[in-house]
């Protein structure tokens, strides 16, 4: 197996929602683990990259599209497929850096989960306004947001050695990946994503350069 790392650094507060809230406290809670650390699920992350990939393929000239569609199938599998053998790439949850997680797990006594969560997040409140600029009744909502400059890392595992085209298309998808979470159209979830090899050397620019050169031939 071959392993790469996708690193994400938030450039604006982000809401990696889990679909529910905490009664009487927050209406929209972020997804977090047993330590209180927020994370972005691997399925969600894959869905974002697949969406970026579809946009890239759509923009390619027809004579080049089939070549890169083959790389997309190898990376992400056939549309609608859930079987691992249909894709050579597995994407883990995007979590806080491993050394930070290890330190939190080994702390004695262990920090309370809520304390950890609140140190990495903030709560914002918003309300809907009517046509006259008056807050609508019962429209006040609170949402938890992960603080900007928080770093997340996802492990990208290839079950067989990727081709140059595979890595080039993956690098292009990662370069296009600039927002995540809910409220993206309201300025939330802006991020910078980079691709690193197993030795933690940045390799995204190299593979992206290959993709650009091949497309512009």
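The values are calculated or read from the model by the stated rules, or taken from the named source; none is laboratory data. For clarity, every value in this text was computed on a predicted model and none was experimentally measured. Ideal geometry is used to build each Cβ from the backbone, glycine not excepted, and the neighbour counts take in all protein chains shown.
Residue 194 is checked against (1) at negative phi; (2) in contact with a strand residue (DSSP E or B) (Cβ under 8 Å, 6 or more places away or on another chain); (3) loosely packed, with under 14 Cβ neighbours inside 10 Å and fails just one. What number does that condition carry?
Tallying (1) at negative phi; (2) in contact with a strand residue (DSSP E or B) (Cβ under 8 Å, 6 or more places away or on another chain); (3) loosely packed, with under 14 Cβ neighbours inside 10 Å, residue 194 fails exactly one: (3).
State which residue is nearest to the chain's Cα centre (by Cα) when the search covers only region 164-187 and only residues that are surrounded by 22 or more Cβ atoms within 10 Å (Cβ to Cβ) and farther than 19 Å from residue 2 by Cβ.
180
With respect to the numbered conditions (1) at negative phi; (2) at pLDDT 90 or above; (3) touching a helix residue (DSSP H, G or I) at 6+ places or on another chain (Cβ under 9 Å), which one is the sole condition not fulfilled by residue 12?
Every condition holds for residue 12 apart from (3).
Restricted to region 26-39, and to residues that are outside any loop (DSSP other than H, G, I, E, B) and touching a helix residue (DSSP H, G or I) at 6+ places or on another chain (Cβ under 9 Å), which residue is surrounded by the fewest Cβ atoms within 10 Å (Cβ to Cβ)? Spell out how you get there, then give the answer.
Step one: filter region 26-39 for residues outside any loop (DSSP other than H, G, I, E, B), giving 26, 28, 30, 32, 38.
Checking which are touching a helix residue (DSSP H, G or I) at 6+ places or on another chain (Cβ under 9 Å) leaves us with 30, 32, 38.
Working: 30: 22, 32: 20, 38: 27.
Result: 32.
Taking interchain pairs and intrachain pairs at least six residues apart, which have beta carbon atoms under 8 angstrom, with the first residue in region 131-157 and at positive phi and the second at pLDDT 85 or above?
The qualifying pairs are 149/9; 149/10; 149/11.
Scanning region 186-217 for residues that are within 25 Å of residue 38 (Cβ to Cβ) and part of a helix (DSSP H, G or I), which turns out modelled with the highest pLDDT?
Ranking the candidates gives 204 first.
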